[in-house]
Amino acid sequence: MTDIPGNIPEYSVSEISAALKLSVERAFDRVRIRGEVSRLSRPKSGHVYFRLKDENAVIDAICWRGVAAKLRHPPEEGLEMICSGRLTTYPGRSSYQIIVDHVEPAGEGAMLKLLEDRRKGLAAEGLFDADRKAPLPFIPEVIGVITSPSGAVIRDILHRLADRFPRPVLLWPVAVQGGRAAAEVAHAIAGFNNIEPGGPVPRPDLLIVARGGGSLEDLWPFNEEIVVRAAAASAIPLISAIGHESDTTLIDLAADLRAPTPTAAAELAVPVRAELSARVIDLGGRMIGAMGRGQEARRSALRGLARGLPSDPRRLLEGAVQRLDAASERMLAALRLWVERQRARIPGLRPGPLRGGVVHRRAALGVLSPRLRSALGRGLDRAAERLTAQARLLDGFGFAQVLARGFVLLRGGHGAPVVSAAMTKPGMAVELTFHDGARGATIDGKPARQRPAAATGDQGDLF
């Protein structure tokens, strides 16, 4: 057994843990670790816990709440990322870990994977659907531009608008690169939408979100979810003009229209005023020419018709006037004959103006008709009430109800009711009708009190 040297210092568990913690933090005050994110956890406290791993090792990572809320690229499960921070130990588990203050995707491949996953998730919500796209106004009264105030982008847009169709422009200055760019762009889109129409600041009819070209990292703010959702929710039609023609960001998919460049966005926003003026002049000339040709055609047709008319147009009406006079005479004669016939059919009718009598009778009929309908309705209601009362009385004293109370109907051989003893004779066949059926019987002629009692088990004759 090896002897333990007496000069080796002795530590408590807490002392050795503190010494290790101090050594690790001094040796690795600032590190960058690359690995795949796994076991990602976001508890209610707001802190973010995860692990970074490769094929041989794993290390715990912590991102405190205040830092996690400001991360430009939050850690994503299964994504390879580079985490920067300081190494420390956790004495409670005798483990070491990294306190993360910065996270970035590990290369363009990781960023593209993150971008594709985000695109699929937002597309599943319908934010990129074609039916959400709003048409652009033909000639907007005011155009809102969201971009950097110091870059060449705003100058290109203003210059192009001045060349094509000058319009008032409202600039909302934002950062177009860096950690605060996404929040500022989203705030600007919402801010333009919140302007009240008719207020001191005119509300734009069209928005342009623009930025010049750059790398995927430079354009990343326009892939952030906050920007995409703001663009999709905009009630004002929005044109996105991010980067060059080959660059595609998620805001391009959510916008109402994508322009390949900021200059192209200005061209899509307004038409060319000179072309519109030329078009209006051309259409005006064509309209005047068409109206002149139409008038000349109608004038020629009128001349042709006039040549077929006689010198005195009144001759055209002579035959019609004669036919009208003859028809009028025949009509009056027929009317007089009809009146005489009607008077003959109604004896006692005093002569008088036909029209006055008809009008008087029609007025009287109009007054009596509602009264007749009302009286007829009341008569029908009273008849229905009497019929209902008779039906209830019949239900109470009807034939079937009397039999149900224990009475029997006696019929003779021909089916006639027997209502007195004098109608019977000995040996006469009769029929007894009960409430639930009929039975045959024979009259024996003896009073019921003189009939011997029936033997037990034998019903015997009824009479």
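Which one is surrounded by the fewest Cβ atoms within 10 Å (Cβ to Cβ) among residues in the stretch 295-322 that are at pLDDT below 85, assigned to a helix (DSSP H, G or I) and charged (D, E, K, R)? My answer is R307.
Residues of the stretch 181-239 that are over 20 Å from K70 (Cβ atoms), among the acidic types (D, E) and touching a residue at least 40 places away in the same chain (Cβ under 8 Å): D205 alone.
Within the stretch 207-219, restricting attention to residues that are crowded, with 24+ Cβ neighbours inside 10 Å and not small (G, A, S), the residue that is farthest from P262 (Cα to Cα) is L207. In this structure, G121 does not qualify as farther than 23 Å from V228 by Cα and either in a helix (DSSP H, G or I) or of a type outside the set (S, T, Y) (or both).
In the stretch 403-421, the residues that are in the same structural domain as G440 (by TED's automatic domain parsing) and touching a residue at least 24 places away in the same chain (Cβ under 8 Å) reach residues that are part of a loop (DSSP other than H, G, I, E, B) and surrounded by 13 or more Cβ atoms within 10 Å (Cβ to Cβ) with C-beta atoms within less than 7 angstrom, at least six apart or across chains, in these pairs: L403/H435; A404/H435.
All of (1) at pLDDT below 90; (2) more than 30 Å from L22 (Cβ to Cβ); (3) in a strand (DSSP E or B) hold for M81 with one exception: (2).
A search for C-beta distances below 7 Å between a residue of the stretch 131-160 that is without any contact (Cβ under 8 Å) to a residue 40 or more places away in the chain and exposed (fewer than 13 other Cβ atoms within 10 Å of the Cβ) and any residue that is assigned to a strand (DSSP E or B) and not aliphatic (A, V, I, L, M), counting only pairs 6+ apart in sequence or on different chains, returns P149/P173.
Could you tell me which of the residues R72, R65, R86, R93 is assigned by TED's automatic domain parsing to the domain that holds S38, of a type in the set (D, E, K, R), surrounded by fewer than 18 Cβ atoms within 10 Å (Cβ to Cβ) and touching a Lys or Arg at 6+ places or on another chain (Cβ under 7 Å)? Checking each option against the conditions leaves just R86. Evaluate the stretch 263-272: report whether one residue or more is without any contact (Cβ under 8 Å) to a residue 40 or more places away in the chain and acidic (D, E). No, the stretch 263-272 has no match at all. Within the stretch 167-175, the presence of a residue that is within 28 Å of the chain's Cα centre (by Cα), closer than 23 Å to A264 by Cα and touching a residue at least 12 places away in the same chain (Cβ under 8 Å) is excluded. Of the set (1) buried (at least 16 other Cβ atoms within 10 Å of the Cβ); (2) out of contact with any helix residue (DSSP H, G or I) (no Cβ under 9 Å at 6 or more places or on another chain), all apply to L238 but (2). Residue count for the stretch 158-175, restricted to those that are part of a helix (DSSP H, G or I) and small (G, A, S): 1. Of all residues in the stretch 228-251, none satisfies being part of a helix (DSSP H, G or I), in contact with a strand residue (DSSP E or B) (Cβ under 9 Å, 6 or more places away or on another chain) and not aliphatic (A, V, I, L, M).
Here is the figure for the stretch 116-128: residues that are surrounded by 12 or more Cβ atoms within 10 Å (Cβ to Cβ) and not aliphatic (A, V, I, L, M) total 4. Among the residues that make up the stretch 47-62, is at least one of them at positive phi and touching a helix residue (DSSP H, G or I) at 6+ places or on another chain (Cβ under 7 Å)? Checked against the condition, which is being at positive phi and touching a helix residue (DSSP H, G or I) at 6+ places or on another chain (Cβ under 7 Å), the stretch 47-62 yields no hits at all.
Exactly one residue out of E77, E25 is farther than 21 Å from E225 by Cβ, out of contact with any Pro (no Cβ under 8 Å at 6 or more places or on another chain), of a type outside the set (F, W, Y) and surrounded by fewer than 16 Cβ atoms within 10 Å (Cβ to Cβ): that is E25.
Considering the stretch 53-62, and only residues there that are assigned to a loop (DSSP other than H, G, I, E, B) and not small (G, A, S), the residue that is surrounded by the most Cβ atoms within 10 Å (Cβ to Cβ) turns out to be D54. For R32, are the conditions met, namely being surrounded by 11 or more Cβ atoms within 10 Å (Cβ to Cβ) and of a type in the set (K, R)? Against the criterion (surrounded by 11 or more Cβ atoms within 10 Å (Cβ to Cβ) and of a type in the set (K, R)), R32 qualifies.
Restricting the stretch 39-52 to residues that are touching a strand residue (DSSP E or B) at 6+ places or on another chain (Cβ under 6 Å) and exposed (fewer than 15 other Cβ atoms within 10 Å of the Cβ) leaves a set whose member that is nearest to I226 (Cα to Cα) is S41.
The values are calculated or read from the model by the stated rules, or taken from the named source; none is laboratory data. Please read these numbers as outputs of a predicted model, since none were measured by experiment. Note that each Cβ is placed from the backbone with ideal geometry, even for glycine, and that neighbours are counted across all protein chains shown.
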